[in-house]
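Colleague: Can you read through this structure? Questions will come right after.
The values are calculated or read from the model by the stated rules, or taken from the named source; none is laboratory data. Because the structure is predicted, anything quoted here is derived from the model rather than measured. Here the Cβ is made from the backbone with ideal geometry for all residues, glycine too, and neighbour counts use every protein chain on show.
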Amino acid sequence: LFASIEMAPRDPILGITEAYNADKNPNKSNLGVGVYYDDNGKVPLLECVRKAEALLMEKPAARSYLPIDGLAAYDKAVQELVFGADSKVIQEKRAVTAQALGGTGGLKLGADFLKRFSPNSQVWISDPSWENHRALFESAGFVVNNYPYYDAATKGVNFEGMIGSLKTIPAGSIVVLHACCHNPTGADLTDAQWKEVIQVVTERGLIPFLDMAYQGFGDGIAEDGKVVRQFAEAGGPVFISNSFSKSFSLYGERVGALSIVAVTADEAARVLSQLKRVIRTNYSNPPTHGGQVVATVLSTPELRKLWEDELAGMRVRIREMREAFVNKLKEKAPDHNFDFVTKQRGMFSYSGLTKPQVDKLRDEYAIYAVDTGRICVAALNTRNIDYVIDAIAKVIK
Ligand code: PLP
Ligand code: TYF
């Protein structure tokens, strides 16, 4: 059985962390993986999480199985967060939400559900997109295509190309959209462009699948969730996967969800029953701890306030690093213009660094970035930024 099995390729992003961990250079920096680090270069344990865990420890509870679709309090809190507490789709019982194993788990539940009920659809993802989108939808059995997205010349979105493509793909196609903070480019659509996308997707009967892994890292919690709300109001169906890996710094707890907006409450009930079937045959029911922590924080006013402040702190720190990056490069490499970096949103920047420049940064300076030139701005801090800027200025000379 195993004799003829070949080595699978490494995940290109997670592979960078392995190489970084093995590097002995004391100045090394990992700008590869999309993880938020604080100014000390550490993955933070949020205060709101620590306090919620302390609260939970005060009344220790047995760990029986959760319902198939997860903790009810969690699912409710997720709905209110992604659709807004006053959302019509919640009032009309047209939205269903199931706790999932991170954002990845939400995407995979949605993909498996769609393969069962829309087996002949094809999937369209942005060019480029998160490393795992293509593989995940392919492993659910779909053919995956790209729609144009990034324009290297303007370092922004090729909106003409994108909307033109959405106008030609067949009705029933599944369109994966980054709700905010596009990974890997950092280039998001404007409000007017979103409006046009929503109109084309709705009119043409495409199935939107919104991936929201960075709610709160762009302009704010409500601001970043706006697109989800607009899609929901457009009528449905809509699929939304969301993740708390980054916004709660709970990467290893695997907390996320899949929400589906149906056209009627009756449809929604049937959808949920089928979604539970997908979950049952995959992992039966989700784990308790992360869901309980997030539900506790979101439904306890003081903790909720603390979380919003801590999330704002992360968002602001990334912005400061974007500004410092641009200003410092202006001094060290005045012939180059990096102003686009402050226009990008979220953790990432498609920096424009070429593969040979990325190789040189790694080999000569122990600075690790993705081959495409994507850097994680959230890995910059007041201690490493001067070293990183000096190195970048040298490799782009
Ligand atoms: N979707 C996007 C666009 C991401 O960048 C990530 C990154 O981790 C995920 C989904 C997966 O999130 P999670 O780690 O919660 O599975
Ligand atoms: O894009 C990133 O860096 C994050 C983390 O297979 C990540 O989303 C990267 C690759 C992967 C899982 C998570």
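Colleague: Going residue by residue through the stretch 245-254, is there one that turns out to be touching a Ser or Thr at 6+ places or on another chain (Cβ under 7 Å), within 16 Å of ligand 2 (Cβ to nearest atom), closer than 26 Å to residue 220 by Cβ and outside the structural domain of residue 35 (by TED's automatic domain parsing)? Steps first, please.
Modeller: Going through the stretch 245-254, the residues touching a Ser or Thr at 6+ places or on another chain (Cβ under 7 Å) turn out to be 251.
Restricting the remaining residues to those that are within 16 Å of ligand 2 (Cβ to nearest atom) gives 251.
Within this subset, residues satisfying the condition of being closer than 26 Å to residue 220 by Cβ are 251.
Those still in the list that are outside the structural domain of residue 35 (by TED's automatic domain parsing) too: 251.
Among the residues of the stretch 245-254, at least one is touching a Ser or Thr at 6+ places or on another chain (Cβ under 7 Å), within 16 Å of ligand 2 (Cβ to nearest atom), closer than 26 Å to residue 220 by Cβ and outside the structural domain of residue 35 (by TED's automatic domain parsing), which makes the answer yes.
Colleague: Let me ask something else. Any residue in the stretch 301-317 that is in contact with a Ser or Thr (Cβ under 7 Å, 6 or more places away or on another chain) and more than 30 Å from residue 388 (Cα to Cα)?
Modeller: Within the stretch 301-317, one or more residues are in contact with a Ser or Thr (Cβ under 7 Å, 6 or more places away or on another chain) and more than 30 Å from residue 388 (Cα to Cα).
Colleague: Still on this structure: How many residues are more than 19 Å from residue 78 (Cα to Cα) and not polar (S, T, N, Q) when one looks only at the stretch 267-290?
Modeller: 6
Colleague: Provide a single number: the residues in the stretch 197-208 that are touching a helix residue (DSSP H, G or I) at 6+ places or on another chain (Cβ under 6 Å) and either in a helix (DSSP H, G or I) or touching a residue at least 40 places away in the same chain (Cβ under 8 Å) (or both).
Modeller: Qualifying residue count for the region: 2.
Colleague: Among the residues of the stretch 1-14, how many are without any contact (Cβ under 8 Å) to a residue 24 or more places away in the chain and within 17 Å of residue 133 (Cα to Cα)?
Modeller: 3
Colleague: So, one more: Sort through 324, 312 and tell me the only one that's in the same structural domain as residue 391 (by TED's automatic domain parsing), part of a helix (DSSP H, G or I), small (Gly, Ala, Ser) and more than 30 Å from residue 56 (Cβ to Cβ).
Modeller: 324
Colleague: Being surrounded by fewer than 20 Cβ atoms within 10 Å (Cβ to Cβ), within 16 Å of ligand 2 (Cβ to nearest atom) and touching a residue at least 60 places away in the same chain (Cβ under 8 Å), is that true of even one residue in the stretch 386-395?
Modeller: No, there is no match, as no residue in the stretch 386-395 is surrounded by fewer than 20 Cβ atoms within 10 Å (Cβ to Cβ), within 16 Å of ligand 2 (Cβ to nearest atom) and touching a residue at least 60 places away in the same chain (Cβ under 8 Å).
Colleague: So in the stretch 86-127, with the set limited to residues that are within 16 Å of ligand 2 (Cβ to nearest atom) and of a type in the set (Ser, Thr, Tyr), which one is nearest to residue 285 (Cα to Cα)?
Modeller: Result: 104.
Colleague: On to the next question. What's the total number of residues in the stretch 213-252 that are within 11 Å of ligand 1 (Cβ to nearest atom), part of a helix (DSSP H, G or I) and touching a residue at least 40 places away in the same chain (Cβ under 8 Å)?
Modeller: Residues in the stretch 213-252 being within 11 Å of ligand 1 (Cβ to nearest atom), part of a helix (DSSP H, G or I) and touching a residue at least 40 places away in the same chain (Cβ under 8 Å): 1 in total.
Colleague: Restricting attention to the stretch 345-385, which residues are in a helix (DSSP H, G or I) and surrounded by fewer than 15 Cβ atoms within 10 Å (Cβ to Cβ)?
Modeller: Restricting attention to the stretch 345-385, the residues satisfying the condition of being in a helix (DSSP H, G or I) are 355-365, 377-379, 385.
Scanning the stretch 345-385 gives 355, 356, 359, 363, 364.
Colleague: Contact list please: Cβ distance under 8 Å, first residue in the stretch 33-49 and outside the structural domain of residue 246 (by TED's automatic domain parsing) and on the phi > 0 side of the Ramachandran plot, second residue of a type outside the set (D, E, K, R) and within 15 Å of ligand 1 (Cβ to nearest atom), pairs at least six apart or on different chains.
Modeller: Taking only residues 6 or more apart or on different chains, the pairs are 41/379.
Colleague: What residue, of 273, 284, is surrounded by fewer than 15 Cβ atoms within 10 Å (Cβ to Cβ), outside any helix (DSSP H, G or I), more than 16 Å from ligand 2 (Cβ to nearest atom) and among the polar types (S, T, N, Q)?
Modeller: After ruling out the rest, the residue left standing is 284.
Colleague: Does residue 221 count as surrounded by fewer than 24 Cβ atoms within 10 Å (Cβ to Cβ) and farther than 18 Å from residue 159 by Cβ?
Modeller: Yes: the conditions hold for residue 221.
Colleague: Still on this structure, please answer the following. Among the residues in the stretch 315-325, are any charged (D, E, K, R) and touching a strand residue (DSSP E or B) at 6+ places or on another chain (Cβ under 8 Å)? First the steps, then the outcome.
Modeller: Keep residues of the stretch 315-325 that are charged (D, E, K, R), which gives 315, 317, 319-320, 322-323.
Next cut, touching a strand residue (DSSP E or B) at 6+ places or on another chain (Cβ under 8 Å) only: 322.
Looking through the stretch 315-325, at least one residue is charged (D, E, K, R) and touching a strand residue (DSSP E or B) at 6+ places or on another chain (Cβ under 8 Å).
Colleague: If you don't mind, there's one more thing I want to ask. Go over the candidates 293, 263, 297 one by one and state the one that is under 18 Å from residue 79 (Cβ atoms), over 18 Å from the mean Cα position of the chain (by Cα) and not in a helix (DSSP H, G or I).
Modeller: Criteria check complete, one pass: 263.
Colleague: Test of understanding: among 52, 72, which residue is among the small types (Gly, Ala, Ser) and surrounded by fewer than 20 Cβ atoms within 10 Å (Cβ to Cβ)?
Modeller: 72
Colleague: Out of everything in the stretch 32-48 that is surrounded by 15 or more Cβ atoms within 10 Å (Cβ to Cβ) and within 15 Å of ligand 1 (Cβ to nearest atom), what residue ends up being nearest to residue 385 (Cα to Cα)?
Modeller: Step by step, filter the stretch 32-48, then rank; the result is 37.
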